[in-house]
Amino acid sequence: MESVSNIVKVSLANYLATLPLPNSVLGWFTIGCKGWLKLIPFFSAVGGVSYVTYRFIIPRSPVNPNTKKEELKVVDKFDIEELGDSTAFCRCWRSSKFPYCDGAHNSYNISCGDNVGPLLIKKKK
Ligand code: FES
């Protein structure tokens with residue numbers, strides 16, 4: 001563990017001290033080709049670590065928390081004549097009557113600051 005500590009505290013610090021990082025925004029325009037070539041490995045490492053963190057470490061929350069999870073893909077089909085005069089379809093994936101809206105979007109919106117609502121299908125009169 002001491003070698004990791006040494007790498008971070010000494011070697012990494014020495015490497016970062018050699019980078020031609022400017023002190024101001026306008027300084028980025030005065031770095032020159034050699035400076036930019038020296039920055040490529042640094043920015044590649046920063047980009048790589050950022051990508052790996054985003055892709056593999058930060059947990060992703062699925063849109064669908066628990067509806068028909070046993071199915072590979074949730075697909076619902078309806079005959080338009082069977083829908084009646086008006087039907088509300090859930091778009092928040094929290095309805096216990098999915099694919100129909102049961103109003104669960106209200107508490108979901110309050111809990112997470114979202115603004116989703118149902119899809120309303122109405123027959124033209
Ligand atoms: S319950 Fe999901 S949109 Fe209303």
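The values are calculated or read from the model by the stated rules, or taken from the named source; none is laboratory data. Everything numeric in this text was worked out from a predicted model, so none of it was measured. Don't worry about glycine lacking a Cβ; one is built from the backbone with ideal geometry, like all the others, and counts go over all protein chains shown.
Summed over the stretch 51-74, residues that are within 19 Å of the chain's Cα centre (by Cα) and either loosely packed, with under 10 Cβ neighbours inside 10 Å or under 22 Å from residue 114 (Cβ atoms) (or both) total 12. In the set 114, 102, 85, only one residue is in contact (Cβ under 8 Å) with a residue 12 or more places away in the chain and exposed (fewer than 11 other Cβ atoms within 10 Å of the Cβ); that residue is 85. Would it be correct to say that residue 48 is surrounded by 11 or more Cβ atoms within 10 Å (Cβ to Cβ), in a helix (DSSP H, G or I), at pLDDT 90 or above and not charged (D, E, K, R)? No. Take the residues in the stretch 51-65 that are of a type in the set (Val, Ile, Thr) and assigned to a loop (DSSP other than H, G, I, E, B); name whichever of them is modelled with the highest pLDDT. Here the answer is 63. Of everything listed in (1) touching a Leu at 6+ places or on another chain (Cβ under 7 Å); (2) not assigned by TED's automatic domain parsing to the domain that holds residue 121, the single unmet condition for residue 86 is (2). Among the residues of the stretch 72-97, the ones that are of a type outside the set (D, E, K, R) and either within 8 Å of the ligand (Cβ to nearest atom) or outside any loop (DSSP other than H, G, I, E, B) (or both) come to 10 in all. Based on this model, can you work out whether residue 77 counts as of a type in the set (Lys, Arg), under 29 Å from residue 123 (Cβ atoms) and exposed (fewer than 10 other Cβ atoms within 10 Å of the Cβ)? Judged against the criteria, residue 77 is a match. The residues on offer are 54, 100, and the sole one that is hydroxyl-bearing (Ser, Thr, Tyr) and within 16 Å of the ligand (Cβ to nearest atom) is 100. When you scan the stretch 27-38, do you find a residue that is over 30 Å from residue 7 (Cβ atoms), assigned by TED's automatic domain parsing to the domain that holds residue 7, modelled with pLDDT under 95 and more than 16 Å from the ligand (Cβ to nearest atom), even just one? Taking every residue of the stretch 27-38 in turn, at least one turns out to be over 30 Å from residue 7 (Cβ atoms), assigned by TED's automatic domain parsing to the domain that holds residue 7, modelled with pLDDT under 95 and more than 16 Å from the ligand (Cβ to nearest atom).
Of the residues making up the stretch 104-125, those that are closer than 20 Å to residue 66 by Cα and either touching a Ser or Thr at 6+ places or on another chain (Cβ under 8 Å) or not in a loop (DSSP other than H, G, I, E, B) (or both) are 104, 105, 106, 107, 108, 109, 110, 111, 112, 119.
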